[in-house]
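Below is one structure; the comments refer to it alone.
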Amino acid sequence: MTIEPTDGAFPGDVLRGISTTILRRINPIAAMGEAKANAPEADLPDFAPRGEIMRRLFEGEGVSPAYLVTLASLYKDMADSGAKSLAPDLAGFIGRRPETIRGHLKQARRDGYLTTVTGKAGGELTAEAQTILDALDLEALGVGSSRR
């Protein structure tokens, strides 16, 4: 975070700097929430093609390691992009309820494919998950050869 004087600020105020009283009033969490709320949705990546991969894996294999890793990868990237309503959006891709997706994400974490970030959505894919993701045959799923 950078704090800079505004145009027209009194030179004496600028020289004295910012007071601790003012610093205590700054709420970075609220500012990030406001920035995310005001960000245009068009700036978010289109996750639908990857959602199609996830749907096809689920229909073909059920709750398999490949499906869980694909779900975890998509969930992580959506969280990192600032997307809202992750579980409902993911559920829409495969035609299931958000509670079902939350259960699948818990299973992906239990199975060691996705790490936990306490109190936040997202996480990191593990090395095991990355190996499974790299081995997916996307051509066979009919979604081309792009991995992410």
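Read-outs throughout are calculated quantities, based only on the coordinates presented, and are distinct from any laboratory measurement. These figures come from a predicted structure and were not determined experimentally. Cβ sites come from the backbone with ideal geometry, for glycine too, and all protein chains shown count toward neighbours.
Structure values in brief
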| item | result |
| --- | --- |
| Pairwise FRET efficiency - A9 versus T115, Cβ, R0 = 30 Å, nearest 0.05 | 0.10 |
| For the range 52-129: relative contact order, % (alpha-carbon pairs under 8 angstrom, 6 or more apart) | 30 |
| The chain: Cα Rg divided by the 2.2 N^0.38 Å rule of thumb | 1.43 |
| Residue with peak Gaussian network fluctuation, the chain [Cα springs, cutoff 10 Å], from R109, R16, R56 | R16 |
| Order of T126, T100, T21, T131 - criterion: other Cβ atoms within 10 Å of each residue's Cβ, fewest first | T21, T131, T100, T126 |
| 10 Å Cβ shell holding at most 14 others, DSSP loop, GluC sites (Glu not before Pro): longest site-free stretch of the chain | 1-123 |
| Radius 14 Å from Cβ of T118, net charge of other residues (Lys, Arg +1; Asp, Glu -1) | +1 |
